[in-house]
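Below is one structure, written out as structure tokens; the observations come after it.
All of the numbers you see were taken from the coordinates with simple rules; none came from a lab. Bear in mind that the values here come from a model prediction, so they are computed numbers and not experimental data. No Cβ is skipped: glycine too gets one built from the backbone with ideal geometry, and neighbour counts run over all protein chains shown.
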Amino acid sequence: MSQSPEHFHEQAKVALADPQLRANFRGAMDYLQDKRKSVFPNATEEADIRDLAESIRQRSLRKLPELLEQLEANCIDNGIQVHWALNAEEANQIIAKIAERHQAKMIIKGKSMVSEEVELNHEMAKLGIECLESDMGEYIVQLDGDKPSHIIMPAIHKNKQEVSDTFEKNLDDFTPTVDVDELIQTGRTRLRQKFHDADIGLSGVNFAVAQTGTLCLVENEGNGRMSTTIPNVHIAITGIEKVVENLADVPPLFSALTRSATGQAITTYFNMITSPRKPGEKDGPKEVHLVLLDNGRSQAYQDEEMRKTLQCIRCGACMNHCPVYTKIGGHAYGTVYPGPIGKIISPHLLGLDKTKDLVTASSLCGACGEVCPVRIPIPEMLQRLRREAKNDPKPNTVPIQGQKSAASRSEHIAMQGFAYAASHPSLYHFGTGMATKLRSFMPSKIGPWTQCRTAPKLAKRSLHHIMAQRHKLSGEK
């Protein structure tokens, strides 16, 4: 079965039945939670950082239309060619045309979740263009013919033995090993020549600065810097929400991102790209292209409450602390963006009709909201999406594709019946009285409710009956 949000329940059952997968995720999540805790030892400082990051993202989103125009103008002034893509199809067409113009046969990629979102590798393969991932986690996943299971650590679902098995299966002359340093060196050695051979380098964008037309990339491995400097052509692809107003906005967001994502005070590399190679410079691409993707983001932007979804800086902290994600991993969701953030982003990208099961895949414990560095109220937004998957939207809100797709006629009739009974005391008391008398016929299995719960047992007497008896006895005294 192909991974799809419409098959979430089946995929989750498969994940839960895999003890090795659960052990891999449990160990990784414990490690990441501890790392985050270690870089936020002071609760007051943490709150201040999150408050500042939230305010920057909200201010940027309030001004988004004008900032996008400013970004475009400054990028063009800097020599960067700007392209607008309404959806995944347009984004792939834009990149394909650039590749065709340069007769490109290979694209080397730094990490980019938006390229995963538009399924760039698959679409370019149709045109005979190879897309090679250079992020180590993405490279391992690509060798397996798989997809990332985490937005920051794509191969987090694998342990070192499984990585060794992947290399042994796909790489010639590889000697099996579980030494992590040797595994990483093997991958880097295989990739190094590819940077020189590639016709185009492609990357994502963490922050796009409207004031200066600067593209910022955050990374630890150096593959992003290699992908954006060695090939003669660099294509950056990003969602329209990644724009910030000025350079001063970047350091606070950078600090919030790295601490929340990997528990680092700062990453190994922070790249700032403002133009193609200039006369006299010894490296860098001769052409830089920026592809700005909508793909459902404008729909979220129009709704003041759902706009908060776009504050996300893709740190993955909500996944690392989510009890559901920790148990089943990212593949079970069947979406590019899994976990808590994926459950509120994906309905805008794919529609509620395809993602209605995801919005209920939460205990609403609130851990995701408590660790989000930009304070996205994920639990509250999930509750709204749950309501709208079954009911008409609230007044003055923007409908999401697939509204009411989870509505059940039998459930609606049952709730109407309960509402009627609850508003007619004599009927309600008659019903509860009959239920207590027939309690021995209560089934032990009640559909999904008893999959992980004990079936409820009705009391011999209702609370109303007990209180009536007490009142009667006290009156007799």
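Figures for the structure shown
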item	result
Residue-count net charge about residue 396 - beta-carbon cut-off 12 Å; Lys, Arg +1, Asp, Glu -1	-2
Cα Rg over Rh - the range 320-455, Kirkwood	1.06
Under 5 Å, built H, 5+ apart or other chain: amide partners of residue 87	294, 295
Rounded to whole Å, sorted largest first: equivalent-ellipsoid semi-axes of the range 42-124, Cα gyration tensor	33, 18, 12
Of every Cα-Cα pair in the range 427-476, the percent that sits beyond 13 Å	65
Nearest 10 degrees, 0 to 90: helix 64-78 Cα axis against the chain principal axis	10
Rg and Dmax of the chain, Cα atoms only, in Å	26.3, 104
Cysteines not pairable in the chain (beta carbon separation under 4.7 Å absent)	75, 131, 216, 312, 315, 322, 365, 372, 452
Angstrom value of the Kirkwood radius, inverse mean 1/r, which spans all Cα pairs in the range 49-186	18.0
Cα long-axis angle, helix 250-262 against the chain (0 to 90 degrees, to the nearest 10)	70
Estimated [θ] at 222 nm from DSSP helical runs (n ≥ 4, -39500 (n - 2.57)) normalised by residues in the chain, nearest 500	-15000 deg cm²/dmol
Principal-axis tilt of helix 180-197 within the chain, Cα atoms, nearest 10 degrees	50
Kirkwood-based Rg to Rh ratio, the range 156-208, C-alpha trace	1.08
Sum of side-chain charges, residue 439 neighbourhood, beta-carbon under 13 Å (Lys, Arg +1; Asp, Glu -1)	+4
Value of Rg/Rh across the range 213-345 [Cα atoms, Kirkwood radius]	1.00
log₁₀ of I(q)/I(0) at q = 0.08, 0.13 Å⁻¹ - the range 40-298, Debye sum with one point per alpha carbon	-0.33, -0.87
Qualifying GluC sites (Glu not before Pro) in the range 265-348, DSSP loop, other Cβ atoms within 10 Å at most 13	281, 304
Under 14 Å, Cβ to Cβ, from residue 12 - net charge with Lys/Arg +1 and Asp/Glu -1	0
